[in-house]
Structure formats: structure tokens, C-alpha cells
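Okay, structure first, notes after.
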Amino acid sequence: MKHYIKILFFTPPLITLYAGRNIHRYHRKDMPRITVWSSEDKTKFKLADYNLRPIPLLHVFDKKHFEENLIPKDDIVYRNSNKKISYQKMNALIKNLLDEIDKKNKEYTDFKILKGSGFVRHKKCGLLVLKFKDHPFILKLFIEPPYSFVNPYDKGFEVTNFFIAGGALRHSLGFTRIKTLNYVQQYIDQNPKWKDHIALPRKWFWLPEKPVWLYVKTHNLGQKKKNLITMPSTYGVLADELIKDSSKSTDYYELMGLSQDLEHRIDPHTKNFFIEKGTGKVALIDTELFPVIFGFNEKIKPHNSHVQWYTYLAGKYLKEKACTFHYERRERQYNIKHYYVD
């Protein structure tokens, strides 16, 4: 998504995008706000912003679902072999990674960085995508202390645009990955067209042994004037590593067809797919719930091509950025009806 957002939206208004809200501008009493602190630090940090929306904050983190999908405490068998790694070993590797992050290291002993553009190393916050050096797994590590949680504009172009487009904070989007994966898996298993054609990784949540919890109090969001929710300050999404066959490429129309069949729950961008080495199947590796990313509460109408799709998203983004009336902002900050989120 990062690449086509840059192409579509890299215009002069980008200057104001990072400038933030003018400090002298009057704050309306009905403006959506959040107050955030943690179980470790009671200092409260605040954010008032019309881009805040109730679904990404109030209805994405499901603690019961999260706990049911934590890494199993017994051995984890590799996807394509009889080798395995114990929970204790996996946990020790990730704990050592966190220690190295705390020291602001640029490289890590047991992990290779695959994507670090959404991570602020000197502040030790954001999203890191890493590969285990000695094991066939990928780790997406989310770290947000309270002071960082209320600063959605300081983690780069992609994260900023997620917040503007749909009010989505990257930290909360990670909680959608396994529910969406389960939906996709169930759909594919029941569909002869895709059943033997799509490869999906297994995924689990990871939580530190002594987790720090974020407390997020919302104001003027959803049906209640105030809400209080909790979510982990640091957590991970562990996934099988799928190997790409570099000699083969995916079919754009096929990817769009799959996205259509799934009612556009997944982003059909080609970076989220590749041909898996050894099986020839189309590997789907990114299962964030796309409608939440782009602020769609209603069912997305079908699109037949990537050009049509990106044009549609460009129009949606520009409307959210510059063409939304105040009454529309008010309506969306209270709207909890969502086609894709229970």
C-alpha cells in the first residue's frame, strides 16, 4: 500500500499533512479525544483529532480472541518439516530482541529486519517486521507506550495516511490479522475455485510474560460519551515464513478476483502476494482487515482492476483529507455500524 499511496497522494497538500493541527485553533467540545496511560506509567497523554474513529479503537481488540490465539505453550512444529522450536526458546529469542531494542541497536542478534519504516528507533516505538535468522518464522512486533500512541503522525508517510484515511492506529490494526486470516481460511476451504490454489501462513499472537497494558479513555467516540478500553502496549504477530518463487509472478486479475470474492477484506496490492516456492500456490501473507485501514464502514462495492481500485481509493482519501463537511465528521465519530467488524 505504501507505494501506491505515494503515487496517488504525493501533492502540495502533503506539507499540511505533517504540520498537524494549528495550536491556536479552537477545540470544539464535541471533538473526539483520547487519554492514554499504562499499567507501568500513570502519566496521562492526550490526543484531540477529528481523524479519530470508534471502530479502530473500541471494536478491534478482542481480548478473548487474543488470548485464544496466543502462541501455544508446547512445541511449534515447522510448517513444512518435522523440526520444531519450543515455546521457551521462542520466548527467549523475542525477549532478547526487546532488550536489544531497548538499547536502540540498529541490528539484532537473532533477527533480520524486513521492514522498519514504521519504527522509530530512538523512541523505541512503532512496528518492526523481522525474520528469525535460524527458524522459518516472521515476527511483526508492535510497541506503543502512551506518549507514542497519541502521536500517529510521527511514524512516517504510510502510518500517517492510515490515520487520515480511516482513523486507524497501526498498533490496533495488528489485532485484525488473525480474525481476517481465519475468515479467509474458512472461505477458501469451502470454495473449489481457491481451495488448492491459495497458501496461507499460520499465525499466533505473542505477549511478554509480564505485559504492560495501555489504558485508553475515549471521549465523544461511539455511542457513549466516554469509554475505557485496554490493550497490550507491546505484542507480536508470529507467522510461518512462506518462501517466494522469484521465477514466477502473480496474475493481477486473479488477485483482484480473490479480493472481490472476499468482499475486499484483504488489500489486493501485489506486494501482499507471491507464488510460493515448491507448491506453485498463490501465497497471501498480509491479512490486516483492509476496510478498517481505509475507513470503510459499509460494504465495499466490487472492483475489477487495480487501476479502478486505486482510483476509487484516491477519491476516498481525498474526500477524507479535504472534502468532508463538519456534520459528516460528527456522524462518523459516533457511528459504530460496520459491515466487516462485529
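The values are calculated or read from the model by the stated rules, or taken from the named source; none is laboratory data. These numbers come from a predicted model, not from an experiment. FYI the Cβ positions are ideal-geometry reconstructions off the backbone, even for glycines, and counts take in every protein chain you see.
Can you tell me which of 181, 139 is out of contact with any helix residue (DSSP H, G or I) (no Cβ under 9 Å at 6 or more places or on another chain) and not acidic (Asp, Glu)?
Only one candidate passes the filter, namely 181.
Determine which member of the set 242, 221, 228 is over 22 Å from residue 182 (Cβ atoms), over 18 Å from the mean Cα position of the chain (by Cα), hydrophobic (A, V, I, L, M, F, W, C) and in a loop (DSSP other than H, G, I, E, B).
221
For segment 106-135, which residues satisfy the criterion of being surrounded by fewer than 19 Cβ atoms within 10 Å (Cβ to Cβ), touching a residue at least 24 places away in the same chain (Cβ under 8 Å) and of a type in the set (Gly, Ala, Ser)?
Hit for segment 106-135 is 117, nothing else.
Scan 267, 261, 240, 245 and give me the residue that is among the acidic types (Asp, Glu) and modelled with pLDDT under 95.
267
Scan segment 283-305 for residues that are over 29 Å from residue 171 (Cβ atoms) and either touching a residue at least 12 places away in the same chain (Cβ under 8 Å) or hydroxyl-bearing (Ser, Thr, Tyr) (or both) and report the count.
Count: 3.
Criterion first (at pLDDT below 95 and either of a type in the set (A, V, I, L, M) or surrounded by 17 or more Cβ atoms within 10 Å (Cβ to Cβ) (or both)) does residue 31 satisfy it?
When the stated conditions are applied, residue 31 passes them.
Based on this model, can you work out whether residue 233 counts as of a type in the set (S, T, N, Q) and either surrounded by fewer than 19 Cβ atoms within 10 Å (Cβ to Cβ) or in contact with a Gly (Cβ under 8 Å, 6 or more places away or on another chain) (or both)?
Criteria not met by residue 233.
Which residues, taken from segment 231-253, are touching a Phe, Trp or Tyr at 6+ places or on another chain (Cβ under 9 Å) and of a type in the set (D, E, K, R)?
240, 241, 244, 245, 248
Which numbered condition trips up residue 107, out of (1) touching a strand residue (DSSP E or B) at 6+ places or on another chain (Cβ under 9 Å); (2) closer than 25 Å to residue 43 by Cα; (3) among the acidic types (Asp, Glu)?
The failed condition is (2).
Identify the residue in segment 150-205 that is charged (D, E, K, R) and part of a loop (DSSP other than H, G, I, E, B) and, among all such residues, is surrounded by the most Cβ atoms within 10 Å (Cβ to Cβ).
155
Looking at 92, 19, which one is at pLDDT below 90 and out of contact with any Leu (no Cβ under 8 Å at 6 or more places or on another chain)?
19
Within segment 87-107, can one find any residue that is of a type in the set (A, V, I, L, M, F, W, C) and part of a strand (DSSP E or B)?
Within segment 87-107, not a single residue is of a type in the set (A, V, I, L, M, F, W, C) and part of a strand (DSSP E or B).
Kindly indicate whether any position in segment 55-73 is in contact (Cβ under 8 Å) with a residue 12 or more places away in the chain, closer than 20 Å to residue 171 by Cβ, touching a Gly at 6+ places or on another chain (Cβ under 6 Å) and surrounded by 12 or more Cβ atoms within 10 Å (Cβ to Cβ).
Yes, because at least one residue in segment 55-73 is in contact (Cβ under 8 Å) with a residue 12 or more places away in the chain, closer than 20 Å to residue 171 by Cβ, touching a Gly at 6+ places or on another chain (Cβ under 6 Å) and surrounded by 12 or more Cβ atoms within 10 Å (Cβ to Cβ).
If we keep just the residues of segment 303-331 that are modelled with pLDDT under 85 and among the hydroxyl-bearing types (Ser, Thr, Tyr), which is surrounded by the most Cβ atoms within 10 Å (Cβ to Cβ)?
Looking at the filtered set, the residue picked out is 324.
Quick check on this structure: which one of 287, 250 is closer than 17 Å to residue 183 by Cα, hydroxyl-bearing (Ser, Thr, Tyr) and not in a helix (DSSP H, G or I)?
Being closer than 17 Å to residue 183 by Cα, hydroxyl-bearing (Ser, Thr, Tyr) and not in a helix (DSSP H, G or I) holds for just one of 287, 250, which is 287.
Which of the residues that make up segment 283-342 are acidic (Asp, Glu) and under 15 Å from residue 166 (Cα atoms)?
288, 298, 320, 328, 331 - these are the residues of segment 283-342 that are acidic (Asp, Glu) and under 15 Å from residue 166 (Cα atoms).
Can you give me the number of residues within segment 225-239 that are closer than 26 Å to residue 102 by Cα and not aromatic (Phe, Trp, Tyr)?
Within segment 225-239, residues that are closer than 26 Å to residue 102 by Cα and not aromatic (Phe, Trp, Tyr) number 9.
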